Amino acid sequence: MEQNKLQLPAILKILIILLLIIAIVFIMVVGRHLLIPLLLAGYISALLTPISDWMESKKLSRTLSSIIALLTGLVGILGLLTFIGFQVASFTRDLDNVGDKLNKYLEDIESFLSDKLQIETGLGKGIDKESIIDLLETNSGSVADIIFSTLGSLTSFLLLTVFIFFFLLFRSHLTQFAAMLFHKHDPEMVKGKIRDLKKVVQRYIIGVIKVMAILAIVNTAILLGLGIKHAVFFGVFAGILNIIPFLGPFLGAVLPTIFAFLTKDSLWYPLGVVISFQIVQIIESNFLTPKIVGSNVNLNAFITFLGLMVGSAIWGIAGMIVVIPTLALLREIFLLDESTEPFALLFGEEKEENKKE
């Protein structure tokens, strides 16, 4: 019977794989407004599952425990957004002073170029706030686009909430579905692997949150020590941006550096921000993240970088955020079957004994 199986030519197998990849990318692009909330809901529900399990152990129903767990997560998210909103409001009140300082710098640059090089750049005119207002009025279409974009974000948030609830409510049903999907394996073994996958997600998210909190506290303390205004806003902002690998820490340092340059009379302040944030970043990447997040990811640098580029190209910032835990989960799933173990090896970090080969 084995000899009667149809053997596809190698070139045809490659073609099928390429077509499959193209189809997956096409679906991800077209269905991004549905798939992003769906994927995020899966991760958040895995994080909230222990809360629901604990309440069920106290004799609460699955429905009620799922609702309470969902509300707990929403309160945490809304609390963070409210805190950030107050910090942003406080920060924007100082933008007028920053604009005046920026105009003064532009005038100095204009004077230097005019006196030394006889170059007229028009920088000395500064930033005209009235022209910005006129620009907004004459581009009402752009403002409308922003409004529709915000409504789209609200729709995604509502979808996210609904998906989290259903994932919590039907988690046993989904586990049974996965066990039936891998029917060639022992059902209890598959269910155990699914529990392990949930723990991987939980440990990864909790680890990332811990690192973000530590960075927010350390960055805030540094900025307070340097006397930079709105230190809490900049510190928390930089900590949150750390969720974006590679690019996030850089973006988190740019804003306080520019603000220090525009509000302080000495260049030592922005230089101090750059040096301090760089030291913190070195400690984070070489000690904090490996120790706290640790082997929950276990992806090699090439796959991580490639995944970030693909995620960014398809889903933007959201793609960069979800791609790392998704690749980590895929690696664990590939380990379930011998035929896909080579892909798990490709995704994972290189072992010491293989480096000599």
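Checking the Cα-Cα distances for Lys13/Lys184; Lys13/Lys199; Lys13/Lys198 against a 27 Å cut-off, the pairs over it are Lys13/Lys199; Lys13/Lys198. Full extension of the segment from Asp265 to Ile217, taken as 0.36 nm per residue of separation minus the current Cα-Cα distance, would add 14.7 nm. With a simple spin-label model that places each label point 7 Å from the Cα along the Cα-to-Cβ direction, the separation between Lys210 and Leu15 comes to 5.2 nm. From the P(r) of the range 203-292, could you give the percentage of C-alpha pairs in the tail past 16 Å? The calculated P(r) of the range 203-292 puts 47 percent of pairs beyond 16 Å. Spacing of the modelled spin labels on Leu71 and Glu338, each 7 Å from Cα toward Cβ, amounts to 5.2 nm.
Quick note: the coordinates plus some simple rules give every number you see, no bench work behind them. None of the values given here were measured: they were computed from a predicted structure. Quick reminder, even Gly has a Cβ in these numbers, built from the backbone with ideal geometry, and neighbours come from all protein chains shown.
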